[in-house]
Number of protein chains: 2
Amino acid sequence: MPKKDILVLQDLLLSNAQAAAAIRAELEGRGILAVNIMSSPGAGKTSLLERIAERTAGSLKIAVIEGDIETERDTERIRAKGVPAWQITTGGACHLEAKMVGKVLPSVPPETEILFIENVGNLVCPAGYDLGERLRIVLLSAPEGDDKPKKYPKAFTTAQTLVLTKADLFPHLPFDPAKAKAEALELNPKLDVFITSAVTGEGLDELIAHLRRKREEIQPHA
Amino acid sequence: MPKKDILVLQDLLLSNAQAAAAIRAELEGRGILAVNIMSSPGAGKTSLLERIAERTAGSLKIAVIEGDIETERDTERIRAKGVPAWQITTGGACHLEAKMVGKVLPSVPPETEILFIENVGNLVCPAGYDLGERLRIVLLSAPEGDDKPKKYPKAFTTAQTLVLTKADLFPHLPFDPAKAKAEALELNPKLDVFITSAVTGEGLDELIAHLRRKREEIQPHA
């Protein structure tokens, strides 16, 4: 990249990091766990959130920010589950940035326990932008193939949790979950890994228990 | 975006457009059809190229440029089919640019009829960069969902051909190919659409016939 481009990129990332730090401080002060969810298009981010909403209804207060290039489809799906949700339509931009998230924060109900931020479907660009989350989850769906972590490493090295999705399709695919998991752990040995299916429900209770534990680790300010 | 960023982006795109125009002129002068293939990660770009290589061996001279963020895995898969292939590893960048392709052109054998350029797996960013191709193909795999064209419109509005992949998984998915096709055609009524499976071979002969016709439309310079 020419020097001018590098300087502009550094400015953007610095200003994003500052906005993200402010969001993190505000949300943790309010006792809210912010979770940034990233994956390829169609890996099952919205379906996973629908299932989590159904299984935690009445026992966990969640809210969802939906990032998409175009359409409000995902927000409509989440609201249909009775969960507060806000759409950020990027209008072409390939990732969310912290300042976009910051604009939504005043609307997030005070009683919220977990705020999910569903990023734009893109396994590359979102990984470069801190949104002020405390937990970053990367999804890898079985049909994408077990060779993807090393081909798209940044999403896997910057996440704390990996969720392998669409386990119901394992019998129909050459996908080897052990290989995908081993490759991701080679990149990032600290990853917590879950194998799930939004169709059969496999692994969802374990993932929800993990999210509850992460929420409990937050010590809100008095 | 701040004004400075917009100017830098305009510079980048102008310089990319100039490089792309030079590549297009050179390849068409040599009678080579350049095909830019884009999709989400794991939608089946490399598998499609493997099947095309097997079915056209001895009757069509193809070559492949593989764009990836990391690893040379895809190039190794294509070379294993006896097809000349070159890896461009972007080292983090989310799309190929024309100048990266330009560096490979001197290596492309003169007898090549179709040069496939497999872009980085990303349904967003590659759509903004002309690589000097004459034909742009977007793949949408069944597991990604039939709601994706309008959520990621630019790849569909800038392509001339849409290939729906992984048709063998239709029985196991809620995917409706007619809905996906209709939604893509609403965005871009001129799209040629093919339904394929790299597992069963469905639709591959029709797609290869389409590629041969596109190759025949080129009138190489004397």
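Laboratory data are not the source of any read-out in this text; all were calculated from the coordinates shown. Just so it is clear, the structure is predicted and the values come from calculations on it, not from any experiment. Note that we place each Cβ from the backbone using ideal geometry, even for glycine, and neighbour counts take in every protein chain shown.
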Subject >> Two-site FRET efficiency, A:R55 against A:L13, from Cβ-Cβ distance with R₀ of 56 Å, rounded to 0.05 >> reply: 0.95
Original post:
How many percent of all Cα-Cα pairs in the protein assembly as shown sit more than 31 Å apart?
Top reply: 41 percent
Original post:
What are the principal axis extents of the Cα atoms in region A:152-200, in Å, biggest first?
Top reply: 28, 20, 15
**OP:** Every other copy gets compared here: list the nm distances from the A:A209 label point (7 Å along Cα to Cβ) to its counterparts, shortest first, one decimal.
**Re:** 5.6
Original post:
Distance in nm between label sites at A:K179 and B:D205, each 7 Å beyond Cα in the beta-carbon direction?
Top reply: 3.1 nm
Subject >> Distance violations [Cα-Cα > 31 Å] among A:K103/B:K151; A:K150/B:K148; B:K99/B:K151; A:K181/B:K179; A:K154/B:K166 >> reply: A:K181/B:K179
Subject >> Value of relative contact order over region B:121-222, rounded to a whole percent, pairs C-alpha under 8 Å and six or more apart >> reply: 25 percent
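Could you list A:K214, B:K190 so that the one with the fewest beta carbons within 10 Å of its beta carbon is first and the one with the most is last?
Ranking A:K214, B:K190 by Cβ neighbours within 10 Å, fewest first, gives B:K190, A:K214.
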Subject >> Taking all pairs of distinct alpha-carbon atoms in region B:119-173, Kirkwood radius in angstrom >> reply: 12.1 Å
**OP:** Provide an ascending nm list, one decimal, of label-point separations from A:E111 to the equivalent residue in each further copy; define each label point as 7 Å from Cα along Cα→Cβ.
**Re:** 7.5
Original post:
From the label point of A:K150, set 7 Å from Cα along Cα→Cβ, how far away are the matching label points in the other copies, in nm, ordered shortest to longest?
Top reply: 4.1
**OP:** Using every Cα-Cα pair within chain A, state what percent have a distance larger than 20 Å.
**Re:** 58 percent
Original post:
Within chain B, which complete DSSP H helices have Cα atoms spanning at least 20 Å along the helix axis and a mean Kyte-Doolittle hydropathy of -0.5 or higher?
Top reply: B:3-29
Original post:
Can you list the residues, at least 5 places off or on another chain, whose amide H is less than 5 Å from the amide H of A:L33, using H built in the peptide plane?
Top reply: A:I114, A:L115
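For A:E186 and B:V193, FRET efficiency with R0 = 30 Å and r from the beta-carbon atoms, rounded to 0.05?
0.15
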Original post:
Under the definition of Cα pairs under 8 Å and six or more residues apart, what whole-number percent is the relative contact order of chain B?
Top reply: 26 percent
